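Taken together, the values in this text are just the output of simple stated rules run on the coordinates, not laboratory data. Note that the coordinates shown come from a computational prediction; the quantities given were computed from them, not determined experimentally. Counting neighbours? That spans all protein chains shown, and the Cβs are built from the backbone with ideal geometry, glycine included.
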2 protein chains.
Amino acid sequence: MSEIKVIKGGITAAQGFKAAYTEAGVKYPNRKDMAMVYSETPCVSAGTFTSNVVKAACVQWDMKIVKSDKPMHGVVVNTGIANACTGQEGFDACEATAKAMSDKLGIPVDSIAVGSTGVIGMQLPVDRLVAGVNAMCDKLDSSIENGTNASIAIMTTDTVNKEYAVQFELGGHTVTLGGMSKGSGMIHPNMCTMLAFLSSDIAIDKSLMQEAVSDVIADTFNMISVDGDTSTNDTFILIANGLAGNDKITTKNADYDTFKQALSVVCEFLARKMASDGEGATKLFTAHVVNASSKKDAKVLARSIISSNLSKAAIYGCDANFGRFLCAMGYSGVSFDQTKVELFFESKAGRLQVFKMGVPLEFDEEFATKIMKEEEVIVYVDMHDGDAEATAWGCDLTYDYVKINADYRS
Amino acid sequence: MSEIKVIKGGITAAQGFKAAYTEAGVKYPNRKDMAMVYSETPCVSAGTFTSNVVKAACVQWDMKIVKSDKPMHGVVVNTGIANACTGQEGFDACEATAKAMSDKLGIPVDSIAVGSTGVIGMQLPVDRLVAGVNAMCDKLDSSIENGTNASIAIMTTDTVNKEYAVQFELGGHTVTLGGMSKGSGMIHPNMCTMLAFLSSDIAIDKSLMQEAVSDVIADTFNMISVDGDTSTNDTFILIANGLAGNDKITTKNADYDTFKQALSVVCEFLARKMASDGEGATKLFTAHVVNASSKKDAKVLARSIISSNLSKAAIYGCDANFGRFLCAMGYSGVSFDQTKVELFFESKAGRLQVFKMGVPLEFDEEFATKIMKEEEVIVYVDMHDGDAEATAWGCDLTYDYVKINADYRS
């Protein structure tokens, strides 16, 4: 398999992709709050979307496009207002936004995905969105800086922007895959996560790209949680324009495997980054479950550990209160025998076993605290019940999470 | 149906029940940390227990007793240590505790339930428990004060003790039902909640009492949540000694209905109290879902609303951010059409509609804040999809919840 090399940049890293951003004043003045991604060359698309039955208007708009066989040219995103629970007026807003981009760039209206994030149950100011689209179309540019600014423009409560790009070789052709994503509250993805957009110049069959996306999302974005709340707006879209010139991937050959591996690297990076930048978070909180009876059980257990409020509070307090992790495994819905379980804490500072075959171990509290003070704390669980494993990523629960969300809207 | 009258007292209110408490020094000195309930007259028992597969040793001990047809005489409870994830040593501690009470009072060892609450994954100091049991056996007393002190002795992070008692007439005989419970973290009951013990002097068939308990728990204790974490120790036990002298209830007659109604009144009171005293809580947060397509759906929707961290933070911030409630309904697993939904905020201060048939309404923010500043805030949701309804109770998410749980163990 070809080497996968990390490069600078994000959504504009791949050939033929341009980006733009603007201050449209969607909800607040003087804030980058719209971003655009555009490929003149038509793209194939793949995506996954929230499983919340209350789907935002933009999610419904995008699902229709991604599920069709029509080519895509780009995405236009706003922050501030989520365009969820907005009825017909919300759908009209999606269409007006896409139409503005369509008119300006001479591309079909249904080749444009629309993304929104922010307050639910509020109507979008369509005139300001359209003005923002018009301004962005004039500023589209393939520079790395523009890609970075686009990743900044889609931030809401995020404290850092999230972008990543990799390159790999397919038959002598350099293929690039990059993307951006944003969190950082209402993050408990099911099918996908809050906004993530990726672009690539790879040539690949649409259905194979969708299959790779579905597989990779299941192990990356769907394995993170900030607060247990599955958003109305979760959207992941990857578009690919084929400009890399590789032999088009039409079967699950070695090139497909390399692409999928690269996709996994990018998605895992963005997912981890989203978890560690969860609202109010001070730490990345990782659960690694090994030797479970099935992949499904391993995933449920790992997710349950990192989703538990009590576990998250213990991680914040650097408290090796391992009973909370076992408790969260116990109510996860997975059946298991606690007398077979071993539990360890891990970080850069070391590794410590605290529970062995149903019995608590005596341990050095000082060393435990030292382990838990690191930026990433791993709870490692050996189920001794099979050979399946899974990893999930979350963050600690802090005062700031409460502060951010007690007055987010106002 | 006979009138149900609230009376003073709790676990000792019914005839023939005595209680005691002590400072056994289970985990901390100078703290009431053990309680005992005893009826010389043998009792029938009914109970529900945690669905967490990691069940505390005491839960496993109690389940065996309640499921058997053997008479029960009482309960002995400690706080500080939960006796969960403790292996064989944990079971031995249950037996030693029950045996001490058995020896002292001359009752069978398997007529005594054992309850524990506190830190998971730590062994109990059996010598101190046994000394505590011996001390309590000497102080058993049927006074209301002793009942109240028992309800205080089972508190952990609770800020108030929780007890309640009612009386009703069955064929000229006065029947009394009373009880006590404790919260206030790791509360997301599934089958039952954290410790709750009830006693009655009613004469009733064991299997009918169990049926009434299972029905009532499903609509009361199982409809509260503090933090989404289903404990390893959830235990609800009701024991009844028949001393009221009523015609023994052996069929689902009018007396059964009266008893069930009284049980519902006591359980709802204790459940609401537990929710409003959730760790760090400043408010009772109630979700009332009406006109749902089934009872099951109504319950899932109501529970999802009050369990959402983002909804709970909005309630804390007095922010009428209703999209979060719709979002929580959307990911609950229940399928529904948002264009049929209406949503209101209610409290003593008034009632306000904010969402109607898929569309957000303009509303007076000042009035909304006024409504949300009350001690109990109700989110009222009309699904327009059937005639089933359900109520769930939770609390707000506050800085203090994080504070309490970031260093609970130490």
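Data table
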| read-out | value |
| --- | --- |
| Qualifying aspartates and glutamates (Cα of each under 15 Å from Cα of B:Lys248; at least 8 residues distant if same chain) | B:Glu169, B:Asp201, B:Asp205, B:Asp257 |
| Inter-copy separations for B:Ser207, label at 7 Å along Cα-Cβ, nm, ascending | 5.7 |
| Rg over Rh [alpha-carbon atoms, Kirkwood Rh] for chain A | 0.99 |
| Percent antiparallel among DSSP beta bridges (both partners in the protein assembly as shown, rounded to 5) | 70 percent |
| For residues of A:359-365, the mean tally of beta carbons on other chains within 10 Å | 3 |
| B from A by rotation - nearest chain A beta carbon to the axis, in Å | A:Tyr399, 2 |
| Sorted by Cβ neighbour density within 10 Å, fewest at the top, the residues B:Glu145, B:Glu89 | B:Glu145, B:Glu89 |
| Cα centroid of region A:57-112 to Cα centroid of region A:344-370, whole Å | 50 Å |
| Averaged over A:325-338, number of beta-carbon atoms from partner chains that fall within 10 Å | 6 |
| Residue-averaged beta-carbon neighbours from other chains (10 angstrom radius) around A:307-318 | 6 |
| Part-to-part distance (alpha-carbon centres) for region A:374-410 and region A:291-338, which is given in Å | 10 Å |
| Shortest-first nm distances, A:Ala218 label point to equivalent points in other copies (7 Å, Cα→Cβ) | 3.4 |
| Residues B:Leu129, A:Leu208 arranged by fewest to most Cβ contacts within 10 Å | A:Leu208, B:Leu129 |
| Set A:Lys403/B:Lys283; A:Lys312/B:Lys296; A:Lys299/B:Lys182; B:Lys8/B:Lys283; A:Lys182/A:Lys252; B:Lys8/B:Lys99 screened for pairs whose C-alpha atoms are more than 23 Å apart | A:Lys312/B:Lys296; A:Lys299/B:Lys182; B:Lys8/B:Lys283; A:Lys182/A:Lys252; B:Lys8/B:Lys99 |
| Ranking of B:Asp277, B:Asp247 by count of other Cβ atoms within 10 Å, fewest first | B:Asp247, B:Asp277 |
| Other-copy label distances relative to B:Val359, 7 angstrom Cα-Cβ extension, nm | 6.8 |
| Share of pairwise Cα separations in the protein assembly as shown, more than 36 Å, in percent | 49 percent |
| DSSP-assigned coil residues among GluC sites (Glu not before Pro) in region A:320-410, each with at most 11 further Cβ atoms within 10 Å | A:Glu362, A:Glu375 |
| Low-density loop cleavage sites - trypsin sites (Lys or Arg not before Pro) in region B:32-95, where at most 12 other Cβ are within 10 Å (DSSP) | none |
| Pairs of Cα atoms farther than 22 Å apart, region B:300-410, % | 33 percent |
| Rounded Å value of the spacing that divides the Cα centres of region B:216-230 and region A:164-225 | 39 Å |
